[in-house]
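Taking it in order: structure first as structure tokens, then the write-up.
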Amino acid sequence: MARSIEEKGYRNTSVADVVRIARTSRRTFYEHFDDRDACFLALFEATTGEMMEAIAGAVGVDGEWESLVDAAIGAYLDSIAARPALFASFTHELPALGRAGVESAHGVGERFVDLLVGLAETGLRERPDVVARALERDTAVIIVGGLRELMITALEQRRDVSELRASAASAVKAIVRATMLAPGAAHERSG
């Protein structure tokens, strides 16, 4: 499914394309998926799951907080840059799948929020000298939603998403600095 979408888009991808590329049978396809849309939703879940694993793996507890934000943003952008046509397809096609697409997109957004909140909680436990407060869920929603919209716009404009590293990291750092850091930590660690 991913390869066909990258070659000719989701709308032009058929079950026949998927089974041909996968070198499998229609019967095998339908043993795993109810239809083409179900396969697309499974691909979305798997691809964004891999992205979240990359982000979590890129962020440790050692190092300056700014470099941890840079690492998370870098993993996010690298995932999109590796497969821009696929991510563009997700943003355009999920709403067209109706309730199932909207629910899947919402669920993934919630998991991204959970990931950010969890990473911040780890920072609070491991680095109380730097992280003074937990990341509020509403703030995490703003970060996730803002980054998502930035990526949608960049993909629609066919921009190289790697060009967005500095601006995305700067915005997230400003939010973190304003909402989570211990007094003085922002100044001591950034300069």
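For A16 and T122, FRET efficiency with R0 = 45 Å and r from the beta-carbon atoms, rounded to 0.05?
Plugging the Cβ-Cβ distance into 1/(1 + (r/R0)^6) gives 0.45.
Against the longest alpha carbon principal axis of the chain, how many degrees, from 0 to 90 and to the nearest 10, is the axis of helix 65-82 turned?
10 degrees
In nanometres, what is the gap between the two model label sites at T153 and A132, each 7 Å from Cα along Cα-to-Cβ?
Those two pseudo-labels are separated by 3.1 nm.
Only Cα pairs under 8 Å and at least 6 apart count here; give the relative contact order of segment 88-174 as a rounded whole percent.
24 percent
Using mean Cβ contacts within 10 Å as the protection proxy, how do 153-164, 129-140 order, highest first?
Output ranking for 153-164, 129-140: 129-140, 153-164.
Dipole of the chain (Lys/Arg Cβ +1, Asp/Glu Cβ -1, origin at the Cα centre): which of L181, A2, A58 lies farthest to the positive side?
The residue sitting most towards the positive pole is A2.
Summarise the long-distance tail of P(r) for segment 5-98 by giving the % of C-alpha pairs beyond 21 Å.
Cα-Cα pairs of segment 5-98 separated by over 21 Å account for 44 percent.
Using 0.36 nm times the number of residues separating E7 and T91, minus their current alpha carbon distance, what extension gain do you get?
28.6 nm is the gain from fully extending E7 to T91.
Report, please, the projected area of the chain averaged over directions, based on the convex hull of its C-alpha atoms, in nm².
Result: a mean projected hull area of 11.5 nm².
Let me check against my output: what whole-number percent is the relative contact order of the chain, with C-alpha pairs under 8 Å and at least 6 apart?
For the chain, the relative contact order is 22 percent.
Quick note: the coordinates plus some simple rules give every number you see, no bench work behind them. Keep in mind the model is a prediction, meaning the values are calculated, not measured. Cβ sites come from the backbone with ideal geometry, for glycine too, and all protein chains shown count toward neighbours.
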